[in-house]
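Here is the structure we will look at.
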Amino acid sequence: MANAKIHSLLTQLEQVLIGKPDQIKLALACILAKGHLLIEDLPGMGKTSLSHGLASGLGMSYQRIQFTSDMLPADLLGVSIFDQNIQSFTFHKGPLFNQMLLADEINRASPKTQSALLEAMAENQITQDGQTYSLPQPFFVIATQNPVDQSGTFPLPESQLDRFMMRISIGYPHEDAELEMLKTHQQGAERVEIKQCISPQELLELQRQVGEVTASDAVLKYLIALVDFSRQQAEANGLSPRASIALLQAAKAWAFINDRQYLVPEDIQAVFTSVAEHRIRSASALQGRALSDTILTQVNPIR
(Lines give C-alpha, C1' and ligand atoms only; values in the text may rest on other atoms or scores of the structure.)
Protein backbone atom coordinates (compact mmCIF):
# COMPACT_ATOMS: atom_id res chain seq x y z
CA MET A 1 0.00 0.00 0.00
CA ALA A 2 2.82 2.41 0.91
CA ASN A 3 4.61 1.91 -2.40
CA ALA A 4 1.32 2.31 -4.27
CA LYS A 5 0.97 5.76 -2.69
CA ILE A 6 4.55 6.61 -3.59
CA HIS A 7 4.02 5.66 -7.21
CA SER A 8 0.76 7.62 -7.28
CA LEU A 9 2.62 10.71 -6.09
CA LEU A 10 5.37 10.21 -8.67
CA THR A 11 2.76 9.92 -11.43
CA GLN A 12 1.12 13.18 -10.40
CA LEU A 13 4.42 15.03 -10.13
CA GLU A 14 5.38 13.92 -13.63
CA GLN A 15 2.36 15.84 -14.89
CA VAL A 16 3.73 19.00 -13.28
CA LEU A 17 7.39 18.59 -14.24
CA ILE A 18 7.03 16.97 -17.66
CA GLY A 19 9.86 14.79 -18.91
CA LYS A 20 11.90 14.82 -15.67
CA PRO A 21 11.11 11.49 -13.91
CA ASP A 22 14.65 10.97 -12.59
CA GLN A 23 14.83 14.40 -10.94
CA ILE A 24 11.42 13.82 -9.35
CA LYS A 25 12.47 10.42 -7.98
CA LEU A 26 15.70 11.86 -6.60
CA ALA A 27 13.80 14.66 -4.84
CA LEU A 28 11.39 12.18 -3.26
CA ALA A 29 14.25 9.85 -2.31
CA CYS A 30 15.92 12.77 -0.54
CA ILE A 31 12.81 13.34 1.59
CA LEU A 32 12.45 9.64 2.38
CA ALA A 33 16.10 9.55 3.45
CA LYS A 34 15.56 12.49 5.86
CA GLY A 35 17.86 14.73 3.85
CA HIS A 36 17.64 18.23 2.42
CA LEU A 37 17.71 19.13 -1.26
CA LEU A 38 19.62 21.78 -3.21
CA ILE A 39 18.42 22.58 -6.74
CA GLU A 40 20.87 24.57 -8.84
CA ASP A 41 19.51 25.84 -12.13
CA LEU A 42 18.48 28.84 -14.17
CA PRO A 43 15.21 30.63 -13.31
CA GLY A 44 12.06 29.23 -14.87
CA MET A 45 13.07 25.57 -14.92
CA GLY A 46 10.33 24.33 -12.55
CA LYS A 47 12.09 24.40 -9.20
CA THR A 48 9.18 26.07 -7.41
CA SER A 49 6.61 23.83 -9.13
CA LEU A 50 8.45 20.72 -7.96
CA SER A 51 8.69 21.86 -4.35
CA HIS A 52 5.06 22.99 -4.21
CA GLY A 53 3.94 19.68 -5.75
CA LEU A 54 5.90 17.68 -3.19
CA ALA A 55 4.42 19.68 -0.31
CA SER A 56 0.87 19.21 -1.65
CA GLY A 57 1.30 15.49 -2.29
CA LEU A 58 2.74 14.92 1.17
CA GLY A 59 0.29 17.18 3.01
CA MET A 60 3.11 19.22 4.58
CA SER A 61 2.81 22.79 5.75
CA TYR A 62 4.76 24.81 3.21
CA GLN A 63 6.22 28.25 2.81
CA ARG A 64 8.39 29.84 0.17
CA ILE A 65 10.77 32.60 1.16
CA GLN A 66 12.75 34.68 -1.29
CA PHE A 67 16.34 35.19 -0.20
CA THR A 68 17.75 38.66 -0.92
CA SER A 69 20.97 40.49 -0.14
CA ASP A 70 19.32 42.56 2.62
CA MET A 71 17.60 39.62 4.31
CA LEU A 72 18.41 39.08 8.02
CA PRO A 73 18.48 35.81 10.01
CA ALA A 74 15.43 37.01 11.98
CA ASP A 75 13.44 37.14 8.74
CA LEU A 76 13.92 33.40 8.57
CA LEU A 77 13.99 32.26 12.20
CA GLY A 78 11.58 34.69 13.83
CA VAL A 79 11.89 37.53 16.32
CA SER A 80 11.19 38.22 19.99
CA ILE A 81 8.84 41.16 20.58
CA PHE A 82 8.18 42.77 23.93
CA ASP A 83 4.58 42.26 25.05
CA GLN A 84 3.51 45.06 27.39
CA ASN A 85 0.54 43.08 28.69
CA ILE A 86 2.72 40.37 30.22
CA GLN A 87 5.85 42.51 30.55
CA SER A 88 8.07 40.00 28.78
CA PHE A 89 9.32 39.06 25.34
CA THR A 90 7.26 36.73 23.16
CA PHE A 91 8.88 34.79 20.36
CA HIS A 92 7.11 35.06 17.01
CA LYS A 93 8.09 32.12 14.81
CA GLY A 94 9.42 32.74 11.32
CA PRO A 95 8.91 30.88 8.04
CA LEU A 96 11.38 28.19 9.12
CA PHE A 97 8.69 26.70 11.37
CA ASN A 98 7.02 24.83 8.53
CA GLN A 99 7.37 21.19 7.60
CA MET A 100 8.70 22.17 4.17
CA LEU A 101 10.59 25.37 3.45
CA LEU A 102 11.53 26.53 -0.02
CA ALA A 103 14.59 28.75 0.36
CA ASP A 104 14.46 30.38 -3.06
CA GLU A 105 17.74 31.71 -4.48
CA ILE A 106 19.57 30.98 -1.26
CA ASN A 107 22.88 32.22 -2.64
CA ARG A 108 21.52 35.76 -3.02
CA ALA A 109 21.50 36.18 0.77
CA SER A 110 24.57 37.09 2.81
CA PRO A 111 26.64 34.31 4.41
CA LYS A 112 25.30 35.34 7.83
CA THR A 113 21.72 34.67 6.73
CA GLN A 114 22.69 31.48 4.90
CA SER A 115 24.29 30.13 8.07
CA ALA A 116 21.03 30.62 10.00
CA LEU A 117 19.85 27.41 8.35
CA LEU A 118 22.76 25.28 9.57
CA GLU A 119 21.42 24.32 13.01
CA ALA A 120 17.92 23.74 11.66
CA MET A 121 19.11 21.41 8.90
CA ALA A 122 21.52 19.48 11.09
CA GLU A 123 19.55 19.16 14.33
CA ASN A 124 15.91 20.01 13.49
CA GLN A 125 15.94 22.88 15.97
CA ILE A 126 16.94 26.53 16.26
CA THR A 127 18.33 28.61 19.10
CA GLN A 128 17.15 32.19 19.46
CA ASP A 129 17.80 34.50 22.41
CA GLY A 130 19.18 31.61 24.42
CA GLN A 131 16.07 29.46 23.92
CA THR A 132 15.94 26.29 21.86
CA TYR A 133 12.86 25.62 19.72
CA SER A 134 12.12 22.29 18.05
CA LEU A 135 11.01 22.34 14.45
CA PRO A 136 7.91 20.49 13.20
CA GLN A 137 8.31 16.93 11.95
CA PRO A 138 8.84 15.89 9.27
CA PHE A 139 11.10 18.80 8.34
CA PHE A 140 12.53 19.31 4.87
CA VAL A 141 14.42 22.18 3.23
CA ILE A 142 14.50 22.66 -0.51
CA ALA A 143 16.93 25.40 -1.46
CA THR A 144 17.41 26.77 -4.95
CA GLN A 145 20.41 28.67 -6.16
CA ASN A 146 21.32 30.41 -9.35
CA PRO A 147 24.59 29.62 -11.15
CA VAL A 148 27.44 31.18 -9.17
CA ASP A 149 28.63 33.18 -12.18
CA GLN A 150 25.50 35.34 -12.06
CA SER A 151 25.77 38.76 -10.44
CA GLY A 152 24.65 39.35 -6.86
CA THR A 153 25.34 35.84 -5.59
CA PHE A 154 27.26 34.63 -2.53
CA PRO A 155 28.62 31.09 -3.07
CA LEU A 156 27.56 28.65 -0.38
CA PRO A 157 30.50 27.59 1.82
CA GLU A 158 31.50 23.94 1.91
CA SER A 159 30.01 23.46 5.38
CA GLN A 160 26.64 24.67 4.13
CA LEU A 161 26.77 22.55 0.96
CA ASP A 162 27.54 19.50 3.08
CA ARG A 163 24.24 19.91 4.93
CA PHE A 164 22.37 19.15 1.71
CA MET A 165 22.06 15.42 1.15
CA MET A 166 21.52 15.89 -2.59
CA ARG A 167 22.06 18.49 -5.25
CA ILE A 168 20.17 18.16 -8.51
CA SER A 169 19.72 20.20 -11.67
CA ILE A 170 16.43 20.04 -13.56
CA GLY A 171 17.78 21.27 -16.89
CA TYR A 172 16.00 22.15 -20.12
CA PRO A 173 13.10 19.89 -21.14
CA HIS A 174 13.39 17.52 -24.07
CA GLU A 175 11.71 18.60 -27.30
CA ASP A 176 8.68 16.32 -26.88
CA ALA A 177 8.19 17.40 -23.26
CA GLU A 178 8.38 21.09 -24.14
CA LEU A 179 5.96 20.55 -27.04
CA GLU A 180 3.46 18.94 -24.67
CA MET A 181 3.90 21.79 -22.20
CA LEU A 182 3.26 24.43 -24.87
CA LYS A 183 0.18 22.61 -26.16
CA THR A 184 -1.22 22.44 -22.64
CA HIS A 185 -0.58 26.15 -22.13
CA GLN A 186 -2.08 27.01 -25.52
CA GLN A 187 -5.27 25.13 -24.69
CA GLY A 188 -5.66 27.23 -21.57
CA ALA A 189 -5.61 24.20 -19.26
CA GLU A 190 -5.70 24.97 -15.58
CA ARG A 191 -2.66 24.34 -13.44
CA VAL A 192 -2.36 20.71 -12.35
CA GLU A 193 -3.35 20.38 -8.71
CA ILE A 194 -1.50 17.66 -6.81
CA LYS A 195 -3.75 15.62 -4.56
CA GLN A 196 -2.42 14.50 -1.20
CA CYS A 197 -1.24 10.89 -1.41
CA ILE A 198 0.72 10.58 1.84
CA SER A 199 0.14 12.27 5.19
CA PRO A 200 3.00 13.69 7.27
CA GLN A 201 2.55 10.86 9.78
CA GLU A 202 2.70 8.30 6.99
CA LEU A 203 5.84 10.00 5.70
CA LEU A 204 7.50 9.56 9.09
CA GLU A 205 6.64 5.86 8.96
CA LEU A 206 8.01 5.57 5.42
CA GLN A 207 11.24 7.22 6.56
CA ARG A 208 11.50 4.62 9.31
CA GLN A 209 10.98 1.82 6.81
CA VAL A 210 13.67 3.24 4.55
CA GLY A 211 16.09 2.96 7.44
CA GLU A 212 15.33 -0.77 7.64
CA VAL A 213 16.41 -1.45 4.05
CA THR A 214 19.36 -3.85 4.31
CA ALA A 215 22.78 -3.70 2.66
CA SER A 216 25.12 -6.66 2.35
CA ASP A 217 28.83 -6.39 3.20
CA ALA A 218 29.66 -6.60 -0.52
CA VAL A 219 27.48 -3.58 -1.32
CA LEU A 220 28.87 -1.63 1.64
CA LYS A 221 32.42 -2.39 0.48
CA TYR A 222 31.49 -1.05 -2.96
CA LEU A 223 30.22 2.17 -1.35
CA ILE A 224 33.44 2.47 0.66
CA ALA A 225 35.52 1.88 -2.48
CA LEU A 226 33.74 4.79 -4.21
CA VAL A 227 34.30 7.07 -1.24
CA ASP A 228 37.95 6.02 -0.89
CA PHE A 229 38.62 6.63 -4.59
CA SER A 230 37.24 10.16 -4.25
CA ARG A 231 39.74 10.82 -1.46
CA GLN A 232 42.62 9.87 -3.73
CA GLN A 233 41.82 12.62 -6.25
CA ALA A 234 44.34 15.38 -5.70
CA GLU A 235 42.30 18.08 -7.47
CA ALA A 236 39.27 17.92 -5.15
CA ASN A 237 38.19 17.25 -1.60
CA GLY A 238 37.29 13.64 -0.94
CA LEU A 239 33.95 12.52 0.47
CA SER A 240 33.67 12.72 4.25
CA PRO A 241 32.21 10.08 6.59
CA ARG A 242 29.03 12.19 6.70
CA ALA A 243 28.86 11.90 2.92
CA SER A 244 29.22 8.12 3.21
CA ILE A 245 26.20 7.98 5.51
CA ALA A 246 24.22 10.29 3.19
CA LEU A 247 25.08 8.08 0.22
CA LEU A 248 23.91 4.97 2.07
CA GLN A 249 20.64 6.57 3.18
CA ALA A 250 19.90 7.99 -0.26
CA ALA A 251 20.58 4.61 -1.89
CA LYS A 252 18.24 2.91 0.60
CA ALA A 253 15.50 5.39 -0.29
CA TRP A 254 16.05 4.75 -4.01
CA ALA A 255 15.78 0.99 -3.42
CA PHE A 256 12.60 1.52 -1.37
CA ILE A 257 10.99 3.56 -4.15
CA ASN A 258 11.81 0.69 -6.50
CA ASP A 259 10.00 -1.81 -4.23
CA ARG A 260 13.10 -3.47 -2.76
CA GLN A 261 14.09 -4.02 0.85
CA TYR A 262 17.77 -4.53 0.04
CA LEU A 263 20.48 -2.57 -1.74
CA VAL A 264 22.16 -3.41 -5.02
CA PRO A 265 25.12 -1.49 -6.56
CA GLU A 266 22.76 0.14 -9.07
CA ASP A 267 20.99 1.95 -6.21
CA ILE A 268 24.25 3.57 -5.16
CA GLN A 269 25.07 4.44 -8.76
CA ALA A 270 21.65 6.07 -9.25
CA VAL A 271 22.13 8.56 -6.41
CA PHE A 272 25.91 8.89 -6.36
CA THR A 273 26.29 12.00 -8.54
CA SER A 274 23.52 13.85 -6.72
CA VAL A 275 25.04 13.07 -3.33
CA ALA A 276 28.71 13.44 -4.21
CA GLU A 277 29.09 16.11 -6.88
CA HIS A 278 28.54 19.22 -4.74
CA ARG A 279 30.87 17.82 -2.07
CA ILE A 280 33.85 17.00 -4.27
CA ARG A 281 33.75 19.73 -6.90
CA SER A 282 36.60 22.18 -6.80
CA ALA A 283 36.60 25.07 -9.27
CA SER A 284 33.30 24.44 -11.02
CA ALA A 285 30.17 22.32 -11.12
CA LEU A 286 31.36 20.77 -14.38
CA GLN A 287 34.54 19.55 -12.69
CA GLY A 288 32.52 18.06 -9.86
CA ARG A 289 30.24 16.20 -12.25
CA ALA A 290 33.21 14.96 -14.30
CA LEU A 291 34.92 13.70 -11.14
CA SER A 292 31.82 11.90 -9.88
CA ASP A 293 31.34 10.27 -13.28
CA THR A 294 35.00 9.23 -13.31
CA ILE A 295 34.68 7.63 -9.88
CA LEU A 296 31.70 5.57 -11.01
CA THR A 297 33.51 4.31 -14.10
CA GLN A 298 36.79 3.56 -12.33
CA VAL A 299 35.38 1.64 -9.36
CA ASN A 300 33.63 -1.59 -10.25
CA PRO A 301 30.98 -3.16 -8.00
CA ILE A 302 32.29 -5.81 -5.61
CA ARG A 303 30.27 -8.91 -6.15
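The values are calculated or read from the model by the stated rules, or taken from the named source; none is laboratory data. Treat the numbers as computed from the prediction; the structure is a model and nothing was measured. For neighbour counting, all protein chains shown are included, and Cβ atoms are generated from backbone atoms with ideal geometry for every residue, glycine included. These area figures cover heavy atoms from the full protein model, side chains too; ligands, DNA and RNA do not enter into them. Shrake-Rupley method; radii C 1.70, N 1.55, O 1.52, S 1.80 Å.
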Can you tell me which of 17-28, 210-221 comes out highest on packing, and rank the rest after it, using the mean Cβ neighbours within 10 Å? 17-28, 210-221
Would you mind calculating the relative contact order of region 172-273 from Cα pairs under 8 angstrom and at least 6 residues apart, reporting the percent as a whole number? 26
On average, how much area does the Cα convex hull of region 72-152 cover when viewed from any direction, in nm²? 6.1
Using the Karplus curve 6.51 cos²θ - 1.76 cosθ + 1.60 with θ = phi - 60°, work out ³J(HN,Hα) for each residue of region 11-16 in order, rounded to whole Hz, and write x for Gly and Pro. 4, 5, 5, 5, 7, 8
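Stretched out fully, how many nm does the piece from Q269 to E158 gain, at 0.36 nm a residue minus the Cα gap?
Computed gain between Q269 and E158 is 37.6 nm.
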Debye equation applied to the C-alpha atoms of region 10-160, log10 I(q)/I(0) at 0.09, 0.18, 0.21 Å⁻¹: -0.31, -1.10, -1.39
Can you list the residues, at least 5 places off or on another chain, whose amide H is less than 5 Å from the amide H of Q128, using H built in the peptide plane? Y133
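Could you work out the helix-only [θ] at 222 nm for the chain, with each DSSP H run of four or more residues adding -39,500 (n - 2.57) and the total divided by the number of residues, to the nearest 500 deg cm²/dmol?
So the helix-based figure for the chain works out to -14500 deg cm²/dmol.
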Which order do the peptides 222-233, 96-107 take when ranked by the mean count of other beta-carbon atoms within 10 Å per residue, highest first? 96-107, 222-233
Could you tell me what percent of the DSSP beta bridges with both partners in the chain are antiparallel, to the nearest 5? 35
With bins of 20 Å, the percent of all Cα-Cα pairs of the chain per bin from 0 is 32, 58, 10, 0
Kindly list the residues of region 8-31 that lie in the label zone of T184, defined by a backbone N under 19 Å from the point 7 Å along the Cα-to-C-beta vector. 8-28
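At a 1.4 Å probe, what is the % contribution of carbon and sulfur to the accessible area of the chain? List each step's numbers first, then the result.
Details: 7460 of 14610 Å².
Its accessible area is 51 percent carbon and sulfur atoms.
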In whole Hz, with x marking every Gly and Pro, tabulate ³J(HN,Hα) for region 294-299 from phi via Karplus 6.51 cos²θ - 1.76 cosθ + 1.60, θ = phi - 60°. 4, 4, 5, 7, 7, 9
What are the ³J(HN,Hα) couplings of region 131-145, residue after residue, when phi is run through the Karplus curve with 6.51, -1.76, 1.60 and θ = phi - 60°? Round to Hz, x for glycine and proline. 10, 9, 10, 7, 8, x, 10, x, 10, 9, 10, 10, 10, 10, 9
Relative contact order of the chain (C-alpha contacts under 8 Å, at least 6 apart) in percent is 22
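Using per-residue counts of other Cβ atoms within 10 Å, averaged over each peptide, order 4-16, 268-280 from highest down. Let's see the in-between values first.
Working: 4-16: 16.8, 268-280: 23.1.
Answer by packing, highest mean first, reads 268-280, 4-16.
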Straight-line reach only, C-alpha to C-alpha below 29 angstrom: list the lysines that K25 could link to, leaving out same-chain residues fewer than 8 apart. K5, K34, K47, K183, K195, K221, K252
At a Förster distance of 41 Å, what's the computed FRET efficiency of T90 paired with H7, Cβ-Cβ distance as r, to 0.05? 0.35
Expressed in nm to one decimal, what extension gain is obtained for the pair L72 and E193 from 0.36 nm per residue of sequence separation less their Cα-Cα distance? 40.2 nm
